[in-house]
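Here is the structure we will look at, set down as structure tokens.
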Amino acid sequence: MNVAKKIISKHLISGSIEAGREIALKIDQTLTQDATGTMAYLQYEAMGVPRVKTELSVSYVDHNTLQSGFENADDHKFLQTISAKYGIIFSPAGNGICHQVHLERFGVPGKTLIGSDSHTPTGGGIGMLAFGAGGLDVACAMVGQPFYITMPKIIKVRLVGKLRDWVSAKDIILELLRIETVKGGRGKIYEFCGEGVKNLSVPERATITNMATELGATTSLFPSDEITRDFLNRQGRAQAWTEITPDEDAAYDGEITIDLPSLEPLIAMPHMPDKVVKVKDVKGIKVDQVAIGSCTNSSFSDMMLAAEVLKNKKINKNVSFVVSPGSKQVLAMLSKSGALFNIIESGARILESACGPCIGMGQAPKSKAVSLRTFNRNFEGRSGTKDAQVYLCSPEVALAAALTGEIADPRDVLGGKPTIQMPENFLADDDQFQQPAADGSKVEVIKGPNIVSLKQFSFDLKTDATVALKVGDNISTDHILPAGAKILPFRSNLPKISQFTYAAVDPDFASRAKDIKDAIIVGGENYGQGSSREHAALAPRFLNVKIVLAKSFARIHLANLINFGIIPLTFDDPNDYDLINLGDNLDFADAASILKEGKDFIIEAGGKYIKTKYDLTRRQKDILLAGGLLNWIKQNAD
């Protein structure tokens with residue numbers, strides 16, 4: 001077997017390991033972050049289970065750390081107290097980005113992990129089977145429910161040879177995005193194999209598995225080998241290591257070969273991670289902002305490279321340059337080694353160890369700015385500035401731009417690449433983690449005024465549905481429910497945050513949808529790509545959206561729609577998309593009986609009957625008919 005199937009087989013609760021079949025997996029670990037965690041724990045609380053049933057669950061504060069009002073701080077107190085009550089480790093603000101910290105301190109090869117953040121597959125860098133999911137799916141895992149997915153195809157990505165100087169792991173994943181596109185990974189697990197794997201450190205592997213999320217993949221992973229063992233040894237966690245490698249005759253559903261010596265520095269153009277070109281083909285473009293950090297490129301090795309390159313150099317006077325170490329461990333080690341001085345002395349601004357600019361939490365560029373970021377997403381407006389031109393690149397390319405003031409090939413401007421020596425022992429100070437109370441019954445959960453109780457939905461689609469919005473291809477969850485400093489503080493307040501639904505696409509959508517009894521959204525290909533934020537389903541449902549009809553869906557968003565009772569339909573003929581217009585009334589009066597009987601929905605639009613379909617399991621149909629997953633769990637518990 002390959003690595004993915006080895007882990008799946010050990011965690012399989014039900015189903016058959018055949019591509020396209022639904023399987024249920026036992027989940028060992030969960031993680032949440034504060035932008036999605038507050039709602040996830042409200043959902044957990046509603047299930048009435050006194051203690052989490054996972055081997056390990058961790059609540060991280062790393063997104064909403066800009067405290068411009070009481071809302072974020074109130075949410076953090078709620079997360080701290082509910083973690084203490086129900087058996088969850090709490091990682092407070094300043095401790096670091098969830099994926100970086102989890103890799104350092106909690107990840108275990110061969111274990112399963114789901115997190116309420118789409119970049120949870122970062123754990124695949126040490127051989128975990130890690131999935132991004134909606135918060136409700138994470139809450140279900142914490143109460144002992146299995147995690148359901150459609151068994152993906154497993155694609156072998158064979159890495160050959162060794163990277164040349166100034167070419168990095170970021171260029172490997174950018175090359176894969178160039179080949180596969182942002183929707184090419186749907187229904188797939190990418191498993192990285194070949195001799196080239198042995199030349200990649202765990203942080204480099206984690207960069208690849210983190211950003212493989214942008215392929216639309218179910219997940220991605222590397223083997224757990226001697227490189228993994230060395231990383232865990234340096235973290236003081238040797239006991240966590242298990243060797244997991246593919247059998248010599250392991251079968252795969254497809255294969256992609258990437259020749260590492262032939263790769264050049266690459267860069268993703270605005271406004272999509274798969275718009276990848278060679279750096280040398282766009283060199284000379286003036287740059288206004290450079291940012292190094294995020295869960296993709298904020299490891300100690302990334303930061304040490306920056307420190308060595310910047311030693312005795314100054315940032316270009318026309319560039320705003322920010323650096324955010326990925327964890328308290330990374331920041332402390334930079335400080336102790338003296339390397340932090342090099343970064344500060346160059347003119348860089350040091351941000352806290354948090355997601356920060358990647359989630360639009362500060363550092364919005366100036367109007368029409370060109371911003372180079374070592375992040376994983378560059379969707380239009382995600383930076384906080386709608387007309388900013390955001391490029392995605394490696395730390396090497398980012399450093400070249402910071403020093404020259406323009407996009408430049410690091411091979412041309414940075415000289416010889418420094419060798420970064422990793423310490424024998426990383427600083428393993430776990431004192432910031434707060435362990436849960438031994439007796440949670442004595443802990444009071446504190447809820448501030450911004451935390452609004454869950455709204456209960458039901459299946460009540462009984463009439464025509466009105467098209468409240470029509471959008472195109474590759475609509476992301478950032479389009480549906482934006483992030484950023486102005487909106488994220490309301491993640492625990494559904495009535496408030498729903499007012500921002502589709503605000504950047506159609507400012508009138510929220511008020512229009514609220515006045516429609518049964519609303520439908522029509523979309524193109526890959527609807528709902530990007531973040532796992534379940535608010536991108538919750539907020540539309542709050543605004544009476546009952547159906548989303550699209551050409552195709554991204555995996556996590558499809559699951560979130562079902563979880564909150566929104567029927568996900570696809571066109572049998574994608575060309576029929578052109579027949580439906582804003583304001584059309586479409587007949588869905590028999591929706592309940594059609595779902596129960598497994599029939600296709602036939603609707604009339606543009607003078608033609610349109611066949612729409614759904615590829616749902618019996619369980620998923622029952623969830624929709626119950627009005628959502630939380631209702632379904634309660635019904636089946638009685």
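A short reminder: the numbers here are calculations on the coordinates, not readings from a lab. In this text the structure is predicted, and so the values were computed from the model without any measurement. A quick note on method: Cβ atoms are made from the backbone with ideal geometry, for glycine too, and the neighbour counts reach across all protein chains shown.
The figures follow:
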quantity: Cut-off under 5 Å, modelled amide H: who pairs with GLU22 long-range; calculated: MET151
quantity: Rounded to 5, the percent of DSSP beta bridges in the stretch 266-410 classed as antiparallel; calculated: 30
quantity: Cα centre as origin, Lys/Arg/Asp/Glu Cβ charges: the stretch 464-637 dipole, Debye; calculated: 820
quantity: Simple label model, 7 Å out from Cα along Cβ direction - LYS314 to ILE285, nm; calculated: 2.8
quantity: Under 19 Å from the Cα of LYS611 - aspartates and glutamates, other chains or at least 8 residues apart; calculated: ASP464, GLU525, ASP572, ASP573, ASP576, ASP578, ASP584, ASP587, ASP590, GLU597, ASP600
quantity: FRET E, pair ASN199, LYS386, Förster distance 35 Å, beta-carbon r, rounded to 0.05; calculated: 0.30
quantity: Ordering of 182-188, 56-62 by packing [mean C-beta count within 10 Å, highest first]; calculated: 56-62, 182-188
quantity: Backbone N within the stretch 189-231 under 15 Å of label point (7 Å from LYS183 Cα along the Cβ vector); calculated: 215-217
quantity: Built amide H within the under 5 Å cut-off of ASP62, gap 5+; calculated: ASP34, ALA35
quantity: Rg to Rh quotient for the chain, alpha carbon positions, Kirkwood Rh; calculated: 0.95
quantity: Antiparallel content of DSSP bridges confined to the chain, in %, to 5; calculated: 30
quantity: Of SER14, THR207, PRO109, farthest towards positive along the dipole that unit charges on Lys, Arg, Asp, Glu beta carbons give the stretch 3-262; calculated: SER14
quantity: Relative packing of peptides 342-352, 263-273 - highest average C-beta neighbours within 10 Å first; calculated: 263-273, 342-352
quantity: C-alpha center-to-center spacing [the stretch 54-133, the stretch 16-37] in angstrom; calculated: 15
quantity: Cβ crowding within 10 Å averaged over residues, with 476-488, 304-316 ranked highest first; calculated: 476-488, 304-316
quantity: Label point distance in nm, VAL452-LYS278, each placed 7 Å from Cα along Cα→Cβ; calculated: 5.3
quantity: Ranked ILE208, ILE17, ILE594, criterion: other C-beta atoms within 10 Å, fewest first; calculated: ILE17, ILE594, ILE208
quantity: Ranked PHE490, PHE459, criterion: other C-beta atoms within 10 Å, fewest first; calculated: PHE459, PHE490
quantity: Fraction of beta bridges assigned by DSSP in the stretch 464-637 that are antiparallel (%, nearest 5); calculated: 40
quantity: For the chain, size of Cβ-based charge dipole, Lys and Arg +1, Asp and Glu -1, in debye; calculated: 740
quantity: Residue-wise HN-Hα coupling along the stretch 264-273, computed from phi with Karplus coefficients 6.51, -1.76, 1.60 (Hz; x: Gly, Pro); calculated: 10, x, 10, 8, 9, 7, x, 10, 8, x
quantity: Karplus-derived 3J(HN,Hα), 6.51/-1.76/1.60, for each residue of the stretch 434-445, Hz, glycine and proline x; calculated: 9, 7, x, 5, 5, 10, x, 5, 8, 8, 8, 7
quantity: Of LYS53/LYS442; LYS53/LYS517; LYS386/LYS551, pairs whose Cα-Cα distance is over 29 Å; calculated: LYS53/LYS517
quantity: Rounded Å value of the spacing that divides the Cα centres of the stretch 302-371 and the stretch 171-213; calculated: 25
quantity: Whole-Hz ³J(HN,Hα) from phi, Karplus 6.51 cos²θ - 1.76 cosθ + 1.60, for the stretch 581-591, glycine and proline x; calculated: 10, 4, x, 5, 9, 10, 7, 10, 5, 9, 4
quantity: Approximate spin-label separation GLU424-GLU226, in nm, with each point projected 7 Å along Cα-to-Cβ; calculated: 1.9
quantity: Sorted by Cβ neighbour density within 10 Å, fewest at the top, the residues ARG158, ARG555; calculated: ARG158, ARG555
